[in-house]
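FYI, it's all coordinate maths here, none of it is from the lab. For clarity, every value in this text was computed on a predicted model and none was experimentally measured. In this analysis, Cβ positions are derived from the backbone assuming ideal geometry, glycine residues included, and neighbour counts consider all displayed protein chains.
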Amino acid sequence: MSRPVGRRIVVGVDRSFAGMQALRRAAQLARREGAQLDAVRAWVFAPTWRPGTLTWRWQDECDRAALVYLRGVFDAALGGMPRDVTVRLVATQGYAGQVLVDHAHRESDLLVVGSPQRGRFGRSRGHVTRYCVTRADVPVVAVPAPSWARAETIRRFARDLERFSR
């Protein structure tokens with residue numbers, strides 16, 4: 001008899017404002033639902049000198065660097081690893097959208113991704129977000145950057161700062 005698997009909240013992690021906001025939201029959801037939080041960082045190594053020469057040493061080094069990156073984002077977004085949530089750090093070679101969709105494959109999973117602000121003509125600039133929303137077999141939560149981090153707010157702040165610092 002197989003053991004039932006609990007709910008997982010899978011979150012794609014990067015250092016963008018939207019990515020850190022997604023991590024905060026995923027931690028809140030995991031805390032509220034008593035779920036495991038899987039923080040996923042995808043990485044791609046494309047050597048320019050000889051394609052296909054990624055040895056196991058390079059792969060291990062890239063995995064270690066991705067785990068260090070994950071811990072750094074937790075520090076920046078949450079002040080460290082949450083103690084009241086079970087966190088699993090996942091570093092995987094591959095393109096972010098595909099890695100996230102492949103990782104969040106259980107029926108009970110929920111996928112959380114950061115969603116960058118919309119560009120011209122209302123089109124989203126986030127190809128990873130778009131990939132996950134269109135291809136995932138599980139529910140996807142697309143989290144925008146906080147309002148203070150949006151480009152117009154930052155430009156206005158810089159303009160005011162320049163004006164008052166003369």
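When each of the peptides 6-18, 58-70 is scored by how many other beta carbons lie within 10 Å of its residues on average, the order from highest to lowest is 6-18, 58-70.
Other residues with beta-carbon under 13 Å from the beta-carbon of E33 carry, at +1 per Lys or Arg and -1 per Asp or Glu, a net charge of +3. Electrostatic bookkeeping for D102 treats Lys and Arg as +1 and Asp and Glu as -1; over the other residues with beta carbon under 13 Å from its beta carbon, the sum is -1. The V68 and Y95 beta-carbon pair, evaluated with R₀ = 30 Å, returns a calculated FRET efficiency of approximately 0.90. For the peptides 22-32, 74-84, 138-148, residues were scored by their other Cβ atoms within 10 Å and the scores averaged per peptide; the highest-first order is 22-32, 138-148, 74-84.
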